[in-house]
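The values are calculated or read from the model by the stated rules, or taken from the named source; none is laboratory data. Please read these numbers as outputs of a predicted model, since none were measured by experiment. We place every Cβ from the backbone using ideal geometry, glycine too, and count neighbours over all the protein chains shown. Keep in mind that these areas ignore ligands, DNA and RNA; they rest on the heavy atoms of the full protein, side chains included. Shrake-Rupley method; radii C 1.70, N 1.55, O 1.52, S 1.80 Å.
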Amino acid sequence: LEHARQAPAIAHGGDFVLRAAAARTLALAESYAGNVGLALAAWRDRYEALTALGHAREMARVGINLGYALTSVGDAEAARPLLEQSLVTCRELGMRRYEMWTLHNLGLTLARLGQPQAGLDAEDIAIAWAREQGEGQLEVDCLLYRAVIALEAGRVDEAAAFAREALERAESAQRTAAVIMCRAALAAALAASEQFDAALVAANRSLADR
C-alpha cells in the first residue's frame with residue numbers, strides 16, 4: 001500500500017498514461033485495504049487522466065468503479081450520470097459483461113436516489129444474464145444488492161428472502177467474503193422484522209466467518 005501511495009507522485013505531470021496507470025495501482029490498493037474514500041480519489045484521478053487521453057472503453061470500466069465508490073460514500077447523485085454514461089458506452093462498444101456490471105451498480109444507485117423498484121429491476125436483468133453466462137460472482141453480488149435495496153425500502157420480508165438466496169449461492173460458490181456480507185444482510189433483515197433471535201444467530205455466524 002505504501003508503494004502504491006508513492007506512485008502518483010512519481011507519475012505527476014503531463015504524462016496522462018503514467019498518471020492513469022499510477023492512479024489505478026493506488027485505487028486498487030486502497031480498495032483492497034477498505035479505504036473507500038481514498039480509493040474514490042484515486043479512481044477520480046484515473047478517470048480524469050483517461051478523459052484527457054480519450055480512452056472511451058477504459059473510461060467506461062473506470063466509471064463503474066468510480067460510480068460504486070461515490071454511491072458507497074453517500075453521493076449517489078454524482079454516481080448516477082457516470083454509471084449511465086458507462087452503460088451507454090458499454091452498449092455502443094459491445095462490452096456486454098461490463099454493461100451488466102454497470103447495471104448492477106446502477107441498481108443500488110437508483111435505489112439510493114429513491115427508486116427502489118428501478119433498482120431491483122436493474123439487478124434482475126443482470127442476474128438473468130449472469131445465470132445464462134455462468135457469471136457466479138456477478139449473480140451473488142446482484143442478489144446481495146437486491147436484499148440491501150429491499151431492506152432500505154422497508155420491504156423486510158423480501159429483503160430476508162433475497163438475502164437467503166444470496167447466501168445460498170455464495171455458499172455453493174465457496175465465496176467466503178460474500179458469505180459474510182450475505183449473513184450480515186440477512187441479520188439486518190431479520191432484525192428489521194423483529195426476529196431478533198434469528199438475527200443474532202446470523203450476525204454471530206457472520207462474525208465467526210471473518
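The criterion of at least 1 residues that are within 19 Å of residue 98 (Cβ to Cβ) is met, among helices (runs of 4 or more DSSP H) falling completely within segment 112-179, by 116-133, 136-152. Figure legend. Inter-residue proximity from segment 99-110: first residues of a type in the set (Asp, Glu), second residues open to solvent by less than 10 Å² (accessible area, probe 1.4 Å), beta-carbon distance below 6 Å, spacing 6+ or different chains. Indicated pairs: 99/90. For the residues 34, 54, the requirement of being free of Cβ contacts under 8 Å to residues at least 12 places away in the same chain and more than 21 Å from residue 83 (Cβ to Cβ) singles out 34. Here residue 153 meets the list (1) in contact with a Gly (Cβ under 9 Å, 6 or more places away or on another chain); (2) open to solvent by 60 Å² or more (accessible area, probe 1.4 Å) almost entirely, failing just condition (2). In the condition set (1) touching a residue at least 40 places away in the same chain (Cβ under 8 Å); (2) buried (at least 18 other Cβ atoms within 10 Å of the Cβ), residue 183 is compliant with all but (1). Do the conditions hold for residue 79, that is, is it open to solvent by less than 60 Å² (accessible area, probe 1.4 Å), within 23 Å of residue 175 (Cβ to Cβ), at pLDDT 95 or above and not acidic (Asp, Glu)? No: the conditions fail for residue 79. Taking the listed residues 79, 60, 49, 56, the one that is in contact with a helix residue (DSSP H, G or I) (Cβ under 6 Å, 6 or more places away or on another chain), among the hydrophobic types (A, V, I, L, M, F, W, C) and within 19 Å of residue 146 (Cα to Cα) is 79, with no other qualifying.
Rundown of residues vs (1) over 24 Å from residue 90 (Cβ atoms); (2) among the aliphatic types (A, V, I, L, M); (3) out of contact with any strand residue (DSSP E or B) (no Cβ under 9 Å at 6 or more places or on another chain); (4) in contact (Cβ under 8 Å) with a residue 40 or more places away in the chain, yes/no style:
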residue	(1), (2), (3), (4)
117	no, no, yes, no
123	no, no, yes, no
139	no, no, yes, no
143	no, yes, yes, no
147	yes, yes, yes, yes
166	yes, yes, yes, no
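If you go through segment 190-202 and pick out every residue that is over 15 Å from residue 159 (Cβ atoms) and either modelled with pLDDT under 90 or surrounded by 15 or more Cβ atoms within 10 Å (Cβ to Cβ) (or both), you end up with 1.
When you look at residue 112, is it under 16 Å from the mean Cα position of the chain (by Cα), open to solvent by 70 Å² or more (accessible area, probe 1.4 Å) and at negative phi, yes or no? Yes.
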